[in-house]
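Here the structure is laid out as structure tokens; the discussion comes afterwards.
What follows is calculated from the coordinates using simple rules that are stated; it is not laboratory data. Values in this document were obtained by computation on a predicted structure and should not be read as measured data. Cβ coordinates were reconstructed from backbone atoms using ideal geometry, including for glycine residues, and neighbour counts include every protein chain displayed.
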Amino acid sequence: MLEVVSINPTNGTPQQSRVAAALSAETSSVRLQAAMAAGSAADPALLETLVERCAVEPDFFVRDMLTWALIRLPADLTLPRLRTELDSGRAQARSQALHTLSKIGDRRAYAWIGRSLLHDADDEVARTAWRTAVALVPEDEEERARLGDVLVEQLGRGDRDVRLSLSRALVDLGDAVSPALEKAAADPDPEVATHAAATELLRRDPEAGFDAAVEEAKRVVALGPERLAAAEVAAATAQPVGEHGDGTAVAAASEGARHADR
């Protein structure tokens, strides 16, 4: 059972000081209860305390509750404060501010997510920036294409999870990113080309798994689209030996595959 933390000023202690103390408690359950209580109170006086705690809170569930508490406050008050956090020297402060902006959902914040955040050296900040930018970008094909152009510059970055996050962001932008992905699929860097091709496969078939799309993309990049198509045609037209009595179809298919692999 969570320990109950009261934030009502019944003993003359300033509310902010008591909430800050509870949010800094050693036990995560106490911090979670304090964040929940702050959200229930929805007191604008707690804004600074909540934002500051977001930058240092180690527990994921507590951070999520802090975000909930922040979105309970008036957006016109919260947005400017979160904007300043985007320039923080602390990576978690930037990441959590972006996450909270995505939950508030006010499109005015889209203009604050510049190239520096979309290219942030910290993977978690960059991933959150990609997701938030896509959530807030205006419903305008040209603007979505411009965002896609910036995101495509990050293809090939990081480990599997980072690449999956970027692919999901690009897929969510829809058809607007297709030209940029097509161009990136011809990049001389095989990591970039494979990631671009896998993302385009996912865009065309969102139900396809990321790992399967990457494996297919590797084939495309290794063979090139024309040779891959030739190999697939050869395989599709191959027939068992004996069907025509002389194995002609199999021989032709084998020869086509050999040419495709050259």
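The table that follows gives values for the structure above.
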read-out	value
Neighbour net charge for Asp106 - beta-carbon separation under 12 angstrom, K R +1, D E -1	+3
Table column - 3J(HN,Hα) (Hz), segment 125-130, Karplus curve with 6.51, -1.76, 1.60, x for Gly and Pro	5, 4, 4, 5, 5, 4
Vicinal HN-Hα couplings computed from phi for segment 82-87 (Karplus, 6.51 cos²θ - 1.76 cosθ + 1.60; Hz; Gly/Pro x)	5, 4, 5, 5, 5, 9
log₁₀ of I(q)/I(0) at q = 0.25, 0.28 Å⁻¹ - segment 56-98, Debye sum with one point per alpha carbon	-0.92, -1.06
Residue-by-residue Karplus 3J(HN,Hα) for segment 44-50, coefficients 6.51, -1.76, 1.60, Hz, glycine and proline x	x, 5, 8, 3, 4, 4, 5
All-pairs alpha carbon distance profile, segment 135-193, 5 Å steps from 0, percent	4, 20, 32, 25, 14, 5, 1
Tensor-based shape of segment 20-86 (alpha-carbon gyration tensor, a/c under 1.5 rounded, otherwise prolate or oblate)	prolate
Cα principal axis extents for segment 78-156, largest first, Å	30, 28, 15
Directionally averaged shadow of segment 66-121, computed from the convex hull of its alpha-carbon atoms, nm²	3.6 nm²
